[in-house]
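The values are calculated or read from the model by the stated rules, or taken from the named source; none is laboratory data. Model, not experiment: these values are computed from the prediction. Counting neighbours? That spans all protein chains shown, and the Cβs are built from the backbone with ideal geometry, glycine included. Surface accessibility is based on the protein's heavy atoms, side chains included, excluding ligands, DNA and RNA. Shrake-Rupley method; radii C 1.70, N 1.55, O 1.52, S 1.80 Å.
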Amino acid sequence: MAKVKSKYVCQNCGYETAGYLGKCPECGSWGSFVEEISDNSQIQNSLSNELKDIYPPQKLSEIEMGKEIRLSTNISEFDRVLGGGIVEGSLVLIAGDPGIGKSTILLQTSGELCKAGKSVLYISAEESASQVKLRAERLGVKSDNIYIYPQTNLELIKKHISELKPDLVIVDSIQAIYTSQIQSSAGSVSQIRECCNSLMGIAKSQNVSIVVIGHVTKEGNIAGPKVLEHMVDAVIQFEGDKYKSYRILRSIKNRFGNTSEVGIFEMGANGLREVINPSELFLKEYNQTQTPGSTIIVTNEGTRPLLVEIQALVGTTPYPAPRRIANGVDTGRVLQILAVLEKRIGLNLSKQDVYVNVIGGIDVNEPAADLGIALAIVTCVRDVVFDLQTAIVGEIGLSGEIRAVNHIEKRINEAQKLGFKRIIIPEANEVQGNFEGIEIVKVKRILEAITRGVKAVCDK
Ligand code: TYD
Ligand code: MG
């Protein structure tokens with residue numbers, strides 16, 4: 001008789017124990033353990049049957065290099081994030097907040113693929129077939145090659161994948177499907193892990209591409225299972241401000257392409273539209289805002305530079321401890337910049353609240369934004385408007401030095417393309433090539449950057 005075992009699994013990170021624990025020793029979350037019952041022998045059997053000898057050991061010299069075949073989604077922003085399309089036989093996870101547009105982009109992708117003569121099986125585990133049809137009408141997606149299958153049972157899903165042999169399978173969402181081989185409920189870590197494993201087996205053995213959708217939890221983890229990230233070939237994060245229309249697709253893991261590549265979309269009444277020139281979108285409101293405390297930085301997202309506006313607001317605090325609030329940049333980074341400003345140029349903000357905001361709902365994670373943030377804070381404190389025609393890049397070191405950044409030419413090029421007349425960059429960066437129509441101002445230290453930046457304002 002099969003051995004039925006009970007275990008407690010942390011729903012946050014997937015850590016397993018034999019007994020209940022209040023706090024997870026792995027990820028530190030409280031009250032996250034749930035009892036799950038599994039029939040291990042059956043799982044082992046099913047897995048070994050699926051994966052049996054697909055890839056026997058081979059000599060390296062004898063391995064034939066198959067051509068990597070990619071399915072182009074015909075949505076160039078999506079293709080770029082994927083590294084040139086969905087690789088045949090791969091498993092891709094699209095993760096994002098509920099309501100961000102995951103189902104929309106994949107239905108649009110299905111439509112585009114079918115136009116190119118491919119077939120798609122869309123597993124709709126959360127919505128009925130007519131709900132999907134309604135969305136398809138809205139998006140103008142019409143095709144006889146899209147099969148909508150409202151199903152949550154993995155065994156039935158597998159049966160239809162084998163029968164239909166589609167070019168692409170979309171599972172919307174992984175949290176809603178379950179395998180009957182595990183007794184825990186759909187959405188639990190064990191179910192998600194097992195379903196994902198099983199889908200990976202099908203993708204590899206039947207050479208079918210599968211895209212699974214995963215919802216993100218409040219904490220920002222890919223629901224429950226961070227574990228999913230390790231199993232799939234690529235993880236694409238769909239982010240953005242739900243209250244604004246733009247959406248950002250970001251690749252955070254990709255076995256077949258670049259990571260941290262981004263694609264930008266705008267959500268409209270008829271679905272998602274690609275934004276071909278995102279810097280223009282982010283700067284749309286900039287030329288009208290001539291308030292102190294606003295600067296433009298050139299950030300490098302994946303292989304593409306982006307111009308974004310940074311705003312800072314500094315004011316006397318009514319609280320005993322001043323507040324430091326950062327949106328779109330790391331608060332720790334802002335604290336470090338404030339410490340450098342205080343120590344190196346004597347700007348004391350210990351009685352001031354400081355707010356820093358990146359306009360457009362995009363997250364800027366690279367240190368090259370430091371100098372732009374610092375200058376936004378300084379111009380707000382000094383109540384001067386920073387030159388609207390100047391863009392800024394540079395990392396700030398703890399001794400107040402401006403450190404080199406990567407891809408400097410690409411950044412200068414982007415600023416020039418958008419009509420900026422000047423760019424402040426680190427002295428340490430060597431610039432290859434000639435740039436006409438844009439003045440390159442090289443700075444070594446934070447104070448120099450401020451005086452040169454402010455001089456640019458006064459010269460105007
Ligand atoms: P959806 O793709 O259902 O999100 P997810 O699958 O990530 O949960 O998108 C839902 C939101 O998008 C919803 O608020 C309505 C909006 N939307 C549009 O604005 N335009 C459209 O054409 C579509 C289909 C949806
Ligand atoms: Mg959805």
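Brief remarks on what is shown
- Per the listing ILE345, ILE359, the residue uniquely closer than 18 Å to GLU448 by Cα and assigned by TED's automatic domain parsing to the domain that holds ASN300 is ILE345.
- Every pair of residues 6+ apart whose Cβ atoms lie under 7 Å, when the first sits in the range 165-179 and is in a strand (DSSP E or B) while the second is within 11 Å of ligand 1 (Cβ to nearest atom) and not polar (S, T, N, Q): ILE170/LEU106; VAL171/ILE213; ASP172/LEU106; ASP172/GLU126; ASP172/ILE213
- Applying the set (1) under 24 Å from LEU398 (Cα atoms); (2) without any contact (Cβ under 8 Å) to a residue 40 or more places away in the chain to ILE345 leaves exactly one unmet item: (2).
- Of all the numbered requirements in (1) at pLDDT below 95; (2) within 16 Å of ligand 2 (Cβ to nearest atom), ILE170 misses one, and that requirement is (1).
- Restricting the range 129-160 to residues that are open to solvent by 70 Å² or more (accessible area, probe 1.4 Å) and basic (Lys, Arg), the residue that is nearest to ILE182 (Cα to Cα) is LYS159.
- Cβ-Cβ contacts under 6 Å between residues 6 or more apart (or on different chains), taken from a first residue in the range 75-96 that is at positive phi to a second residue that is among the acidic types (Asp, Glu), are listed as GLY85/ASP79.
- Within the option set GLY83, GLY99, GLY111, being under 17 Å from the mean Cα position of the chain (by Cα), in the same structural domain as GLU266 (by TED's automatic domain parsing) and away from ligand 2 (no atom under 11 Å from the Cβ) holds for one residue only, GLY83.
- Taken over the range 115-124, the criterion of being on the phi < 0 side of the Ramachandran plot and in a loop (DSSP other than H, G, I, E, B) is satisfied by ALA116, LYS118, SER119.
- Only one of the listed residues (GLU137, GLU112, GLU127) is acidic (Asp, Glu), within 12 Å of ligand 1 (Cβ to nearest atom) and either modelled with pLDDT of 95 or more or assigned to a helix (DSSP H, G or I) (or both). That residue is GLU137.
- The single residue among SER162, SER124 that is over 27 Å from TYR8 (Cβ atoms) and within 16 Å of ligand 2 (Cβ to nearest atom) turns out to be SER124.
- Only one of GLY271, GLY257 that is open to solvent by less than 20 Å² (accessible area, probe 1.4 Å), closer than 30 Å to ARG70 by Cβ and not assigned by TED's automatic domain parsing to the domain that holds ASP387: GLY271
Residues are listed down the side, and each one gets a yes or a no for (1) under 27 Å from the mean Cα position of the chain (by Cα); (2) among the basic types (Lys, Arg):
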| residue | (1), (2) |
| --- | --- |
| GLU342 | no, no |
| VAL364 | yes, no |
| ILE373 | yes, no |
| THR379 | no, no |
| ILE392 | yes, no |
| VAL405 | yes, no |
| ARG411 | yes, yes |
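- Unique residue being more than 28 Å from the chain's Cα centre (by Cα) and touching a residue at least 60 places away in the same chain (Cβ under 8 Å) when the list is LEU418, LEU447: LEU447
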